[in-house]
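First the structure, in the form of structure tokens, and then the observations on it.
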Amino acid sequence: MISRYECTLDGIALTSLSPSIYISDINYSMPEYSKETFVPAKLQGARVVRSYKERASVTVTFQIRDYSTVMRQTICQAIVMWARDGKVLHTSDRPGQRLVCFCEQYPVISSSMRWTDDLSITFTALNVPYWQEDALSRLTISGTHETGLLTVPGNAPDTVVEVTVVPQANLSQIELKVKDTTITLTNLNAVVGDRITITYDEQMIQSIKKNSTSILSKRTGADDLKAICGKSNEVEFTSTAACSVTFYARGRWE
């Protein structure tokens, strides 16, 4: 049964689970930002300290067009299994974008009699409450003090920047800048062949390593390097020895 819509989870299409599945709609939650405020002394109104988004959700509406009550339940349970451990969602109307998410609401057949009823399944992203570019934006610059522009697509406020540093001589210190954020790594004792990385896992927990050893204690400055989405961001590094430095980020979308 052919639908104009499709969604895949970890590369497996929903409609591939059964020819009886027909996707009728894909609905997205409205962006909602929470704000932390304070009231200035002796003044009216409030001031915004921080604005943040908590979640992004998408609901896929579908039908299981099989007259057999047993088969409909079997297919529905297969969909639950498909969704249970899934992480990376793609939808046909957002090519090149992904949502790293979990299944928040599983489909349930509420009526055995009404076999044409719509069913739905909801996926939610919390750690990164935005749709993200499949392709990373990258920029590599080399030397001891170099600048460049890292263009990051998207319409979200910002995104984190990851870094790989490859020393070309003995390296003790490097300062990394993206826009208004700076991280300095000191006492590195890095040599040719080492790799220094700033990365994030799916829970957005940062790791700073020299090869496989954590050097998080050698960091000072900002907690994260951040780039503005939808803009060209100036990046810069200054090091005590020549290095090849790659900045990379994944654009984010509402």
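The values are calculated or read from the model by the stated rules, or taken from the named source; none is laboratory data. Note that the coordinates shown come from a computational prediction; the quantities given were computed from them, not determined experimentally. Here Cβ is always computed from backbone atoms with ideal geometry, including for glycine, and neighbour counts include all displayed protein chains.
One residue alone among VAL58, VAL39, VAL70, VAL48 is surrounded by 12 or more Cβ atoms within 10 Å (Cβ to Cβ) and of a type in the set (A, V, I, L, M), and that residue is VAL58. Within region 103-123, the set of residues being in a strand (DSSP E or B) and within 19 Å of ALA13 (Cβ to Cβ) comprises CYS103, LEU119, SER120, ILE121, THR122, PHE123. Regarding VAL128, is this residue within 27 Å of GLU254 (Cβ to Cβ), in a loop (DSSP other than H, G, I, E, B) and of a type in the set (A, V, I, L, M)? Taking the combined requirement at face value, the residue satisfies it.
The conditions of being of a type in the set (A, V, I, L, M) and touching a Cys at 6+ places or on another chain (Cβ under 8 Å) are not met by LEU225.
Total residues in region 31-48 satisfying the condition of being in a loop (DSSP other than H, G, I, E, B), of a type outside the set (D, E, K, R) and farther than 21 Å from LEU99 by Cα: the figure is 7.
Yes or no, residue by residue, for (1) closer than 29 Å to GLU202 by Cβ; (2) under 25 Å from the mean Cα position of the chain (by Cα); (3) outside the structural domain of LEU126 (by TED's automatic domain parsing); (4) not in a helix (DSSP H, G or I):
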{"site": "ARG50", "(1), (2), (3), (4)": "yes, yes, no, yes"}
{"site": "VAL58", "(1), (2), (3), (4)": "yes, yes, no, yes"}
{"site": "PHE62", "(1), (2), (3), (4)": "yes, no, no, yes"}
{"site": "ASP66", "(1), (2), (3), (4)": "no, no, no, yes"}
{"site": "ARG72", "(1), (2), (3), (4)": "no, no, no, no"}
{"site": "ALA78", "(1), (2), (3), (4)": "yes, no, no, no"}
{"site": "MET81", "(1), (2), (3), (4)": "yes, yes, no, no"}
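For region 40-76, a residue qualifies if it is among the aromatic types (Phe, Trp, Tyr) and free of Cβ contacts under 8 Å to residues at least 24 places away in the same chain, and exactly one does: TYR52. Looking across region 145-195, the residues that are acidic (Asp, Glu) and closer than 20 Å to ALA135 by Cα come down to ASP158, GLU162. All told, GLU6 meets the bar of being surrounded by 16 or more Cβ atoms within 10 Å (Cβ to Cβ), under 24 Å from ARG250 (Cβ atoms) and of a type in the set (D, E, K, R).
Before we move on, is GLU202 surrounded by fewer than 16 Cβ atoms within 10 Å (Cβ to Cβ) and modelled with pLDDT under 95? Answer is yes for this residue.
Residue-by-condition table, conditions (1) in contact (Cβ under 8 Å) with a residue 12 or more places away in the chain; (2) assigned by TED's automatic domain parsing to the domain that holds THR147; (3) on the phi > 0 side of the Ramachandran plot; (4) not acidic (Asp, Glu):
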residue: THR164; (1), (2), (3), (4): yes, yes, no, yes
residue: LEU185; (1), (2), (3), (4): yes, yes, no, yes
residue: TYR200; (1), (2), (3), (4): yes, yes, no, yes
residue: ASN211; (1), (2), (3), (4): yes, yes, yes, yes
residue: THR220; (1), (2), (3), (4): yes, yes, no, yes
residue: ASP223; (1), (2), (3), (4): yes, yes, no, no
residue: GLU236; (1), (2), (3), (4): yes, yes, no, no
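Meeting the requirement of 3 or more residues that are within 24 Å of the chain's Cα centre (by Cα) and within 25 Å of GLN97 (Cβ to Cβ), the strands (runs of 3 or more DSSP E) wholly within region 146-225 are 158-167, 196-200. Would region 177-192 turn up any residue that is closer than 28 Å to THR59 by Cβ and either crowded, with 20+ Cβ neighbours inside 10 Å or of a type in the set (Asp, Glu) (or both)? The answer is no; no qualifying residue exists.
When ILE79, ILE109, ILE23 are checked against the criterion of being touching a Lys or Arg at 6+ places or on another chain (Cβ under 7 Å), touching a residue at least 24 places away in the same chain (Cβ under 8 Å) and not charged (D, E, K, R), ILE109 stands alone in meeting it.
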